[in-house]
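Participant: Take a look at the following structure, please.
Laboratory data are not the source of any read-out in this text; all were calculated from the coordinates shown. On a predicted model such as this, the values are computed, not experimentally measured, just so you know. Here the Cβ positions follow ideal geometry from the backbone for every residue, glycine too, while neighbour counts run over all protein chains shown.
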């Protein structure tokens, strides 16, 4: 397999593909020139096809700038996700020897940990979607109008250091990304980057909080009899927890803990994708693309009718 099917982001992808749908062509997303919405569209247009293939049991697992291509058809940019040589299939049985596949600068933070590099973390859809976000960061902060910056270029060491070291550097960037804002970046594009990074950070913190709640730490803290005699006397006299319910309710706390423990740590793939798509800059840029494509199609139709 070479690439995902070729269609614009606004179309509805189909899981049935002809031989013509799978072809390698076009240019790398790093070299897109022109209006802001085109640079955004060249990257975003890969996501629907990737999502469709993942739901169909084809897992790419190496989303990176070199693998994200685009070409122009009748004035409209089309995304092509290349290199499925190291992809995996949902139907495959047992290890396939490529559990840690990926291109380091774009790999999800989970995969860049010692456990991830040791093959102990299952590669999920959210890891690939996170890679799309890192591609966006990489292209927008290292390139200007399709040209690689020659000075003040960030992230060079992401391409040269070992995976775990890069993971630490990316973790720091994620929690301090506002300090890395380029002076001349387009405000709307920076807004998109910032919103996406904030979603990544919030989702990571949400999962970590749920994992903490579902751990046995509460049981360890509650085990044993370490209440002093003075505390017991205070409690019995009514100055502490109120039996009438005016103080802390143990039964209420237990209910909250049980509900938290039962919460789903991993979001549904479509829900996770929607957390990005519902951000204000994503919505605004998508509207710009649809408006532009509509004008281009009308122009193409007029040109054909006049011939």
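Participant: Taking Cα pairs under 8 Å and at least six residues apart, what relative contact order does the stretch 66-209 come out at, in percent?
Facilitator: Relative CO of the stretch 66-209 lands at 18 percent.
Participant: Another one. Pull out the extension gain between residue 181 and residue 92, defined as 0.36 nm times the separation in residues minus the alpha carbon to alpha carbon distance; nm, one decimal.
Facilitator: Extending this stretch completely gives an extra 27.8 nm.
Participant: Between residue 290 and residue 153, what is the FRET efficiency for a Förster distance of 25 Å, r being their Cβ-Cβ separation, to the nearest 0.05?
Facilitator: Efficiency for this residue pair is about 0.15.
Participant: Could you check the simple spin-label distance between residue 270 and residue 306, using points 7 Å along Cα→Cβ, in nm with one decimal?
Facilitator: Taking the two extended label points, one gets 4.3 nm.
Participant: Once the principal axes of the Cα atoms of the stretch 89-219 are found, what is the range along each, listed largest first in whole angstroms?
Facilitator: Over the stretch 89-219, Cα extents along the principal axes are 50, 37, 26 Å.
Participant: Can you give the extra length, in nm with one decimal, that the chain gains between residue 209 and residue 72 once fully stretched, where that is 0.36 nm per residue apart less the Cα-Cα distance?
Facilitator: Net length gain for the segment: 44.9 nm.
Participant: Give me 89, 188, 53 sorted ascending by neighbouring Cβ count inside 10 Å, so fewest comes first.
Facilitator: Fewest-to-most ranking of 89, 188, 53: 89, 188, 53.
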